[in-house]
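J.: My structure is below; once you've seen it, I'll send some questions.
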Amino acid sequence: MGADRFATAARLKAIGQEAQARVYRAATRRPAPRRSKLTGRAALLALVLCALIVALAYPMRQYIAQRSDIADQRKEAQQAKERVERLREEKARWQDDAYVRTQARQRLHFLLPGETGYTVVDPAPSADGDSGARRSSDEAAAHRPWYDNFWDSVDHADAAGTPRR
């Protein structure tokens with residue numbers, strides 16, 4: 001009976017130790033009181049980052065605008081080079097006597113000796129259809145004072161500038 005008592009006491013002691021260990025573990029696992037996620041260091045870091053963004057915004061905008069201007073200038077320079085090349089080609093064409101003769105015949109209506117030139121006048125009215133009305137108004141304008149003609153031309157120019165609806 002003595003041994004049985006000793007075994008029961010040992011068993012109770014072991015159960016007590018296990019219970020104490022569980023209580024200790026539960027007490028240590030209890031979450032610590034939550035602190036604010038925004039600490040002083042984090043707030044200072046956020047403030048510094050915002051200040052950097054604000055300080056760099058204007059120079060970045062200027063940089064981008066300057067890059068855009070540089071691209072536009074390069075494009076204009078390329079167009080100028082192309083125009084210079086076209087003008088050089090045209091100048092080379094004008095050095096050719098046959099080209100000069102052809103242009104003189106087309107533009108100035110020059111004729112070579114022995115050729116007969118003809119000019120054909122189109123009796124049909126112009127594309128806008130008011131050539132007869134224009135002739136009669138020109139004849140009437142010749143007999144009016146200059147200031148009336150001037151004012152009519154101002155009215156006509158003003159009416160031509162308004163869009164039709």
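The values are calculated or read from the model by the stated rules, or taken from the named source; none is laboratory data. Remember, predicted model here, so these are calculated numbers, not experimental data. Positions of Cβ are backbone-derived with ideal geometry, glycine not excepted, and every protein chain shown enters the neighbour counts. Quick note on the areas: whole protein, heavy atoms, side chains included, nothing else; ligands and nucleic acids left out. Shrake-Rupley method; radii C 1.70, N 1.55, O 1.52, S 1.80 Å.
J.: Return the total of residues in the range 105-140 being open to solvent by 90 Å² or more (accessible area, probe 1.4 Å), closer than 16 Å to residue 156 by Cβ and modelled with pLDDT of 70 or more.
T.: Count: 1.
J.: Output the residues belonging to the range 77-116 that are hydrophobic (A, V, I, L, M, F, W, C) and assigned to a loop (DSSP other than H, G, I, E, B).
T.: As a first pass, look at the range 77-116 and keep what is hydrophobic (A, V, I, L, M, F, W, C): 77, 80, 84, 87, 92, 94, 98, 100, 104, 108, 110-112.
Selection gives 110, 111, 112.
J.: Next question. Look at residue 88 and say whether it is modelled with pLDDT under 90, of a type in the set (Lys, Arg) and open to solvent by 100 Å² or more (accessible area, probe 1.4 Å).
T.: no
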